[in-house]
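Working notes, structure below.
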Amino acid sequence: MYAVTAATGQLGRMAVEALKQHVDASQIVAIVRDPSKATDLGVEIRQADYTDPVMLEAALKGVERLLLISASDFERLPKHRNVVNSAKASGVKFLAYTSLLNADRWTLPPFDQHSPTEALIRSSGIPFTLLRNGWYTENNSSNLGPALAYGSIMGAAGDG
């Protein structure tokens, strides 16, 4: 059984759809806070929140392979700890985590919490893969209005 956390988010939905191309939908669990937002996913839906270890452990029962999509707020480390501990308690056999490129070098919140999350995963004893993604293009979409108005996209690059 495969599970994707945050399955109603943009990345979560894409992960579920991609997974359905490789395994039968009956083998996929969408872990979501609000099941009413997941009815269109076409897979089993289990409700859990990163802040509730009891719900997480129940939602992860029978899951062998887990994709932990990083929480998007400034207090993500305690939430990630709950997921990792619940995964271990539930017998998850493999965990993939959406971390950040050069996670060990980030010192600004909320990015600084990826490296400690990676350490939690390493110390859990669960085999894992760290997906060290770069900046997602869709993170710029809030700037599309000004970009179209001024004809450029502003952002830091290089040593900026």
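The values are calculated or read from the model by the stated rules, or taken from the named source; none is laboratory data. Note that this is a predicted model, so its numbers are computed, not measured. FYI the Cβ positions are ideal-geometry reconstructions off the backbone, even for glycines, and counts take in every protein chain you see. Surface accessibility is based on the protein's heavy atoms, side chains included, excluding ligands, DNA and RNA. Shrake-Rupley method; radii C 1.70, N 1.55, O 1.52, S 1.80 Å.
A single member of G42, G62, G12, G91 is farther than 26 Å from R122 by Cβ and among the small types (G, A, S), and it is G42. Residues that are within 19 Å of the chain's Cα centre (by Cα), at pLDDT 85 or above and open to solvent by less than 80 Å² (accessible area, probe 1.4 Å) are absent from segment 100-111. Looking only at residues in segment 130-150 that are open to solvent by 70 Å² or more (accessible area, probe 1.4 Å) and not in a helix (DSSP H, G or I), the one that is modelled with the highest pLDDT is R132. The set of residues in segment 48-62 being open to solvent by less than 40 Å² (accessible area, probe 1.4 Å), more than 24 Å from L100 (Cβ to Cβ) and not in a helix (DSSP H, G or I) is empty.
Exactly one residue among I45, I31 is among the aliphatic types (A, V, I, L, M), without any contact (Cβ under 8 Å) to a residue 40 or more places away in the chain, closer than 21 Å to S99 by Cα and part of a strand (DSSP E or B), and that residue is I31. Quick check on P127: is it over 14 Å from the mean Cα position of the chain (by Cα), modelled with pLDDT under 90 and on the phi < 0 side of the Ramachandran plot? For P127, the condition - over 14 Å from the mean Cα position of the chain (by Cα), modelled with pLDDT under 90 and on the phi < 0 side of the Ramachandran plot - is not met. The set of residues in segment 85-99 that are out of contact with any Pro (no Cβ under 7 Å at 6 or more places or on another chain), open to solvent by less than 40 Å² (accessible area, probe 1.4 Å) and not β-branched (V, I, T) comprises A87, S90, G91, L95, A96, Y97, S99. Listed conditions (1) out of contact with any Ser or Thr (no Cβ under 6 Å at 6 or more places or on another chain); (2) crowded, with 16+ Cβ neighbours inside 10 Å are all met by Q10, apart from (2).
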